[in-house]
1. If you average the C-alpha positions of segment 230-280 and of segment 281-314 separately, how far apart do those two centres end up, in angstrom?
2. Could you give each residue of segment 77-83 its phi-based ³J(HN,Hα) in whole Hz, using Karplus coefficients 6.51, -1.76, 1.60 with θ = phi - 60°, and x for Gly or Pro?
3. Using the Cα centre of the chain as the reference point, and only Cβ charges (+1 on K/R, -1 on D/E), how large is the resulting charge dipole? Debye, rounded to the nearest 20.
4. For segment 324-422, what is the Kirkwood estimate of the hydrodynamic radius, computed as the reciprocal of the mean inverse distance between distinct Cα atoms, to one decimal in Å?
5. May I ask you to order 267-280, 326-339 by the average number of other C-beta atoms within 10 Å around their residues, highest value first?
6. Explain nothing, just the number: dipole magnitude of segment 224-274 about its Cα centre with +1 on each Lys and Arg Cβ and -1 on each Asp and Glu Cβ, in debye rounded to the nearest 20.
7. Just one of [x] 128; [y] 200; [z] 150 is volume of the Cα convex hull per residue in Å³ calculated from these coordinates, so which is it?
8. Collect residues whose amide H, placed 1.01 Å from N in the peptide plane, falls under 5 Å from the amide H of Asp263; neighbours closer than 5 in sequence don't count.
Amino acid sequence: MPSFSTIFAIPLATALALAVTPVSAENWPQFRGLGGNASVAKVDLPLHWSGSKTMAWKTPLPGRGSSSPVVWGDRIYLTAFTGIETPDTADKSKLQLHVICFDRNNGTIIWDKSVAASPLTQDYTKRIQGHGYASSTPTTDGEAVYAFFGVSGVVAYDMSGKLLWRASVGDKSAGFGSASSPVIFNDLVIVNGSIESDSLIAFDKRTGQRVWTVQQINRTWTTPCVAELPDGSNELVINQKEAIYGLDPWTGKQLWRCNGIQDYVVPMPIAHDGVVYCLGGRQNRCLAVRLGGRGDVTDSHKLWDVNIGANVTSPVYFNGHLYWASDKAIANCLNAKTGEAVYRQRLNTRSRIYASIVRAGDRLLVTTRDRGIVVLDAKPEYHELAVNTIETDEGMFNASPAISDGQLLIRSDSHIYCIGNVKTSAE
């Protein structure tokens, strides 16, 4: 059982008085969108696109990375790194970690701010080279943008690009580097620092002070999930090696635990209608746990546990089914109520996949690393509708797309692309 250390506690009366920041459905404020569910119910995206077809704009990036774009209003935010190009030129003293703001109307860079990387940053090995030093997707609430860079810490910028604060989560590292993305809950920025300090940490989003810390978070690169229960309350779910924890997001106090995956965990949990779904492990497992329990809920709230899953990628829920494509390019559909496999089908592209699936209305988008984006029917039968490529980009596509206001935002090693109609301030 993890131990809990409260560094600074918000008084209960103050906590209850805090209001949740309103979020427009058109914003895509964190990794995999609002709530991490990677779904937009209604969107008019083109079925077919390319580097020269139905593209609103494209912008060269100042550096590489595998983080996803996030959107708030008419601004897009993204992270990248510069200063290291190849293992032969890997001088970590030159490594800079960027947070970049774009105008979503035309792709123009509005500001580009950077901080120096920590000397404790991992060496530029082949493992790191595959995805780089900017793997964590930033998050925003319209007041500030927050980004996580592993041992180099968490940074917060206001909407004009002014650095507000920088905070450390720990100084340890692992061969794969850092990958989890921060999430916002009311006045907290919550960061999974399992790799850096075996901890889950909540920062005051305005000051950068630690509010609470949960220790003994083991071997997990996943982004935490703030799950809403049917009664409107929230639980913070963290999926880690050997256990899934449900926490009080205000305090970090453990509410429940469930026996989990006996291996490291990367995919983000997703929640729907009072149930959280967790993938992970090299043996590819998937579990469903009913929220709202207390204590050890392994026997009482674990609904099913199957040997089908993904090591890297996260799923989406739609119409009673879970959909995802594993890193080995196998598309999966499970019955969300029973865990029964509906289909398992290898994509025709046969490419490796780092990005997670997203849903755009009645379509599913699967981003492969180098063979384009596969468009599938969002139905419990496998049907490929299209494969769309950007022929002029020779970089890798490791980032999950973002969808906002009828536009699809795609990031590669070298560019950010906007597919769909150009938006203007008048719209």
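The numbers here are math on the coordinates, done by the rules we state, and not lab data. What you see is a predicted model, and the numbers here were worked out from it, not measured in a lab. FYI the Cβ positions are ideal-geometry reconstructions off the backbone, even for glycines, and counts take in every protein chain you see.
1. One Cα centre to the other: 9 Å.
2. After applying 6.51 cos²θ - 1.76 cosθ + 1.60, I find 10, 8, 10, 7, 10, 9, x Hz.
3. Working: 40 positive and 40 negative charges, 122 e Å.
Using Cβ point charges on Lys, Arg, Asp and Glu, the chain gives about 580 debye.
4. Details: mean 1/r = 0.0717 Å⁻¹.
Taking the inverse mean of 1/r over all distinct Cα pairs, segment 324-422 comes out at 13.9 Å.
5. Details: 267-280: 23.9, 326-339: 19.2.
Top of the packing list down: 267-280, 326-339.
6. Working: 3 positive and 7 negative charges, 43 e Å.
Around 200 debye, computed over segment 224-274.
7. Step by step, volume of the Cα convex hull per residue in Å³ for this structure corresponds to label [x].
8. Glu242
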